[in-house]
Amino acid sequence: QVQLVESGGGLVQAGGSLRLACAASGIIIRIRNMGWYRQAPGKQRELVASITGGGSTNYADSVKGRFTISKDNAKNTVYLQMNSLKPDDTAVYYCSGHRNGADYWGQGTQVTVSS
């Protein structure tokens with residue numbers, strides 16, 4: 001059974017930083033593709049950043065240069081470091097993992113950026 005548990009969200013002022021963590025079980029992130037998505041009120045869920053089993057990363061244009069996705073294979077945990085946060089980054093952030101043709105999601109963590 002795959003479980004993804006996000007943590008680290010909260011309220012921060014514009015220009016501030018947060019680090020999200022996704023603790024995974026039932027899926028070995030060392031060999032699986034993982035990602036962070038977000039969904040703002042009234043908007044579709046969108047990919048923020050992804051990382052392959054081999055460590056290659058990909059970012060949405062809107063967060064390039066500000067966000068960094070990383071992982072600790074020993075802890076089976078994926079991180080999203082978010083710097084220079086903007087009010088437009090306000091959303092629920094979800095961790096996602098892909099295994100054997102299926103996508104798995106965490107419960108989400110709220111990030112709110114005040115202006």
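The values are calculated or read from the model by the stated rules, or taken from the named source; none is laboratory data. A quick note: this is a predicted structure, and the numbers were derived from the prediction, not measured. Glycine gets a Cβ as well: all are built from the backbone with ideal geometry, and neighbour counts include every protein chain shown. Heavy atoms of the whole protein, side chains included, go into the accessibility calculation; ligands, DNA and RNA do not. Shrake-Rupley method; radii C 1.70, N 1.55, O 1.52, S 1.80 Å.
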Which numbered condition G53 fails, given (1) open to solvent by 60 Å² or more (accessible area, probe 1.4 Å); (2) not in a strand (DSSP E or B):
(1)
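Could you tell me whether segment 11-20 includes any residue that is on the phi < 0 side of the Ramachandran plot, assigned to a loop (DSSP other than H, G, I, E, B) and at pLDDT below 95?
Scanning segment 11-20, I find no residue that is on the phi < 0 side of the Ramachandran plot, assigned to a loop (DSSP other than H, G, I, E, B) and at pLDDT below 95, so the answer is no.
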Filter segment 57-75 for residues that are crowded, with 18+ Cβ neighbours inside 10 Å and closer than 20 Å to A24 by Cα; the one that is farthest from the chain's Cα centre (by Cα) is K71
Select, from V5, V48, the only residue that is open to solvent by 70 Å² or more (accessible area, probe 1.4 Å) and either of a type in the set (K, R) or not in a loop (DSSP other than H, G, I, E, B) (or both).
V5
With respect to D103, is the statement that it is closer than 20 Å to G9 by Cβ, out of contact with any Asp or Glu (no Cβ under 6 Å at 6 or more places or on another chain) and open to solvent by 30 Å² or more (accessible area, probe 1.4 Å) true?
no
